[in-house]
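Visitor: Please read through the structure below; I'll follow up with questions.
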Ligand code: SIN
């Protein structure tokens, strides 16, 4: 029995649902020798602003019990450098590339997106990263506020790049379906759910935060149940919305869970830090799970979660 691994994110068809999450697969072709990006559904690039940005002071990474807390702060050489240097390198490896843009202001997002105008034929989508928790200058991510999220998405949509727009949202909000709805109304074609959750790691001996920036964002296994809940709630509130479910996916089984919750594709991030080839292993495990369970189309798993059996579990 041949498994059909194709999935759709709106108008975008991917050969399989495994997508490298932004910031975890290098800026360009760094991981190419270890993990063939052409075999992945897509690779999301590290978010770039229309300017170079140094990011936060070290230390920036701290493993915790069930995950990793990072405070990288969106270090990057800027969108122009990415377009001329990193994108061609990634494309040369046959990757389907999702660009990613961030900014301090709404205008920054629009300016960063505009720099992609000459290379849209080399992209399969653009992700709008409004949810990085590591930018202290702004006070809070745009994604914590529905109106601010909508303003950014509208500004990027107005650039009219002719590629699908994904918007990456934060789990640290009271009404994620509401914010997702505003992003969709403003022009988002799909959602990436979720970015890291705000977190703090403390060195008790020093009585100080461990990370140079103070707080950071939690990813890895501890984030998975939160991400599943976020995907589930948004998928129920907005039936049919394409979602890249991201957060703590370390195995093919985790990917299956993310699809069942309502995702159409699955982002893999922290797993790649642990094991550079994790994305391909997860794809293989997902394929094997489908074979074992008589699933002939990966897409049929999306949103196929059953209701709890309340008679057995009163
Ligand atoms: C970072 O660079 O701080 C992580 C990226 C993100 O959380 O969006």
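The values are calculated or read from the model by the stated rules, or taken from the named source; none is laboratory data. Small disclaimer: the values here were computed from a predicted structure and weren't measured. Every residue, glycine as well, gets a Cβ built from its backbone with ideal geometry; the counts of neighbours run over all protein chains shown.
Visitor: Do we find a residue being within 16 Å of the ligand (Cβ to nearest atom) and either closer than 24 Å to residue 133 by Cα or crowded, with 19+ Cβ neighbours inside 10 Å (or both) anywhere in region 85-97?
Guide: Looking for residues that are within 16 Å of the ligand (Cβ to nearest atom) and either closer than 24 Å to residue 133 by Cα or crowded, with 19+ Cβ neighbours inside 10 Å (or both), one finds at least one in region 85-97, hence yes.
Visitor: Residues 236, 229: which one is surrounded by fewer than 17 Cβ atoms within 10 Å (Cβ to Cβ), within 17 Å of the chain's Cα centre (by Cα) and in a helix (DSSP H, G or I)?
Guide: Only one candidate passes the filter, namely 229.
Visitor: How many residues are farther than 19 Å from residue 21 by Cα and within 16 Å of the ligand (Cβ to nearest atom) when one looks only at region 98-108?
Guide: Residues flagged as farther than 19 Å from residue 21 by Cα and within 16 Å of the ligand (Cβ to nearest atom) within region 98-108 amount to 2.
Visitor: Are any residues in region 28-48 touching a strand residue (DSSP E or B) at 6+ places or on another chain (Cβ under 7 Å) and under 16 Å from residue 78 (Cα atoms), and if so, which ones?
Guide: Result: 44, 45, 46, 47, 48.
Visitor: Within region 215-226, can you find the residues that are in contact with a helix residue (DSSP H, G or I) (Cβ under 7 Å, 6 or more places away or on another chain) and either away from the ligand (no atom under 16 Å from the Cβ) or assigned to a loop (DSSP other than H, G, I, E, B) (or both)?
Guide: Those that are in contact with a helix residue (DSSP H, G or I) (Cβ under 7 Å, 6 or more places away or on another chain) and either away from the ligand (no atom under 16 Å from the Cβ) or assigned to a loop (DSSP other than H, G, I, E, B) (or both): 220, 224.
Visitor: Being under 30 Å from residue 212 (Cα atoms), away from the ligand (no atom under 12 Å from the Cβ) and either more than 19 Å from the chain's Cα centre (by Cα) or surrounded by fewer than 24 Cβ atoms within 10 Å (Cβ to Cβ) (or both) is the filter here; which residues of region 1-31 pass it?
Guide: Matches in region 1-31: 26, 28, 29, 30, 31.
Visitor: Which pairs have Cβ atoms under 9 Å, sit 6 or more apart or on different chains, and link a residue in region 41-57 that is at positive phi to one that is within 11 Å of the ligand (Cβ to nearest atom) and not in a strand (DSSP E or B)?
Guide: Pairs that qualify, where the first residue is at positive phi and the partner is within 11 Å of the ligand (Cβ to nearest atom) and not in a strand (DSSP E or B), are 55/71; 55/72; 55/73; 55/74; 55/75; 55/134; 55/213.
Visitor: For region 170-180, what are the residues that are surrounded by fewer than 20 Cβ atoms within 10 Å (Cβ to Cβ) and closer than 16 Å to residue 263 by Cα?
Guide: The one that is surrounded by fewer than 20 Cβ atoms within 10 Å (Cβ to Cβ) and closer than 16 Å to residue 263 by Cα: 177.
Visitor: Still on this structure, I have one more. Any residue at all in region 120-132 that is within 15 Å of the ligand (Cβ to nearest atom), part of a helix (DSSP H, G or I), touching a residue at least 60 places away in the same chain (Cβ under 8 Å) and touching a strand residue (DSSP E or B) at 6+ places or on another chain (Cβ under 6 Å)?
Guide: No, region 120-132 contains no residue that is within 15 Å of the ligand (Cβ to nearest atom), part of a helix (DSSP H, G or I), touching a residue at least 60 places away in the same chain (Cβ under 8 Å) and touching a strand residue (DSSP E or B) at 6+ places or on another chain (Cβ under 6 Å).
Here's the yes/no breakdown for (1) modelled with pLDDT under 95; (2) surrounded by fewer than 24 Cβ atoms within 10 Å (Cβ to Cβ); (3) in contact with a helix residue (DSSP H, G or I) (Cβ under 7 Å, 6 or more places away or on another chain):
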residue	(1), (2), (3)
267	no, no, no
274	yes, yes, no
282	no, no, yes
288	no, yes, yes
304	no, yes, yes
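Visitor: Regarding residue 118, is this residue at negative phi and over 18 Å from the mean Cα position of the chain (by Cα)?
Guide: yes
Visitor: I've got another one for you. For region 46-55, does any single residue satisfy the condition of being out of contact with any helix residue (DSSP H, G or I) (no Cβ under 6 Å at 6 or more places or on another chain), within 13 Å of the ligand (Cβ to nearest atom) and within 28 Å of residue 281 (Cα to Cα)?
Guide: Yes, region 46-55 contains a residue that is out of contact with any helix residue (DSSP H, G or I) (no Cβ under 6 Å at 6 or more places or on another chain), within 13 Å of the ligand (Cβ to nearest atom) and within 28 Å of residue 281 (Cα to Cα).
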